1. Within the stretch 173-263, which strands (runs of 3 or more DSSP E) (wholly inside it) include 1 or more residues that are touching a Cys at 6+ places or on another chain (Cβ under 9 Å)?
2. Within the stretch 94-112, take every residue that is part of a helix (DSSP H, G or I) and under 15 Å from the mean Cα position of the chain (by Cα) and give me the one that is nearest to D83 (Cα to Cα).
3. Which residue pairs have Cβ atoms closer than 8 Å, lie 6 or more positions apart in sequence or on different chains, and pair a first residue in the stretch 151-179 that is in contact (Cβ under 8 Å) with a residue 60 or more places away in the chain with a second residue that is among the acidic types (D, E)?
4. Tell me which residues, restricted to the stretch 120-140, are touching a Cys at 6+ places or on another chain (Cβ under 9 Å) and surrounded by 21 or more Cβ atoms within 10 Å (Cβ to Cβ).
5. Please work out if I205 is surrounded by 19 or more Cβ atoms within 10 Å (Cβ to Cβ), touching a residue at least 60 places away in the same chain (Cβ under 8 Å) and within 25 Å of T57 (Cβ to Cβ).
6. Hey, could you check the stretch 141-162 for residues that are buried (at least 17 other Cβ atoms within 10 Å of the Cβ) and of a type in the set (D, E, K, R) and say which is nearest to S178 (Cα to Cα)?
7. Which of the residues spanning the stretch 117-137 are in a strand (DSSP E or B), touching a residue at least 40 places away in the same chain (Cβ under 8 Å) and of a type outside the set (G, A, S)?
Amino acid sequence: MHSLTCTPLSSSSSSSHHTTLKPNLNPLLGSDATSRPSSLPFKRRTCFTTRAILSSTRDDVLKHFNERRALKIISGLQNFNKDNVASVVTAADKGGATHVDIACDPELVKLAIGLTSCPVCVSSVDPVTFPAAVEAGALMVEIGNYDSFYEKGIIFTPEKILGLTKETRRMLPSIVLSVTVPHTLSLPDQVKLAESLELEGVDVIQTEGGKCSNPTKSGIMGLIEKATPTLAAAYSISRAVKIPVMCSSGLSAVTAPMAITAGAAGVGVGSAVNRLNDVVAMIAEVRSIANSLQTSFQTSTTYEVETQRQ
């Protein structure tokens, strides 16, 4: 299957590319790319080359976060339906997303990288499952997307999340790592956990809260109500850490720009897309969110330029 091109959110990034590494050459696993015997100078060159690949790969994955215009489409941590995942990934690619987030399964990773050139992120709460997915081609891992566990009465404490983070970093020291801060914590405790995660070498903090929000209004008012918890978390956490914050859970085309204004470096969208049954409708929804983010990005850039001139 031919790989589709991930549509960038702005024309200025049209010349950029996403690095897709062959599974057996993925340097994020921390293994040497070659077993060929060589002299010391050759080994040094190999070391430098491997470091350069690692740096380039990380830069590619984090590029849109650093530019504060990342859009990650999430198929679901426990969604192993290949047809649905394929539809979500296709919609993300054609709709203008910058990243896709799927369940942590090597076969799903191979499926996804055959459909998009966007960096593939895998989500899990079991770090042991990450290496196989990275070997299959995933360039980012996410500890989070806890929503499905809350329904079972499972709560993730700060100590548990820090333990999972340390275990993941030990196994995959070079992978781009995102960790979700649970909305079950108070805002001050969310901030405290985010600060601890930053010290552990986490690259991206993700917020949540859509599941706990029960809008009392319909239409636009309801969409804003639903996004309030994750927007509040993004606002608080982004002012406490230096690493990018991804605002996720309960967002839509209406509220995604609010996340960027609140301080987020990007947004993660799941149910607004994967609940749809038609891939054309999915593409339209992703495109609507991407366009709203693009408008927000252009407005923000114009404001910053005008502020610097004054």
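The values are calculated or read from the model by the stated rules, or taken from the named source; none is laboratory data. If you're wondering where the values come from, they're calculated on a predicted model, not measured in any experiment. Note that we place each Cβ from the backbone using ideal geometry, even for glycine, and neighbour counts take in every protein chain shown.
1. Strands (runs of 3 or more DSSP E) meeting the threshold: 176-180, 204-206.
2. A112
3. As it stands, the answer is V176/D203; S178/E142; S178/D203, since those pairs meet every condition given.
4. Hits for the stretch 120-140 are V122, S123, S124, F130, A133, A138, L139, M140.
5. Criteria not met by I205.
6. Ranking the candidates gives E142 first.
7. C121 - this is the single residue of the stretch 117-137 that is in a strand (DSSP E or B), touching a residue at least 40 places away in the same chain (Cβ under 8 Å) and of a type outside the set (G, A, S).
Conditions (1) surrounded by fewer than 18 Cβ atoms within 10 Å (Cβ to Cβ); (2) modelled with pLDDT of 95 or more; (3) aromatic (F, W, Y); (4) under 28 Å from A272 (Cα atoms), marked per residue:
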| position | (1), (2), (3), (4) |
| --- | --- |
| K192 | yes, yes, no, no |
| G209 | no, no, no, yes |
| A233 | no, yes, no, yes |
| I237 | no, yes, no, yes |
| S248 | no, no, no, yes |
| L251 | no, no, no, yes |
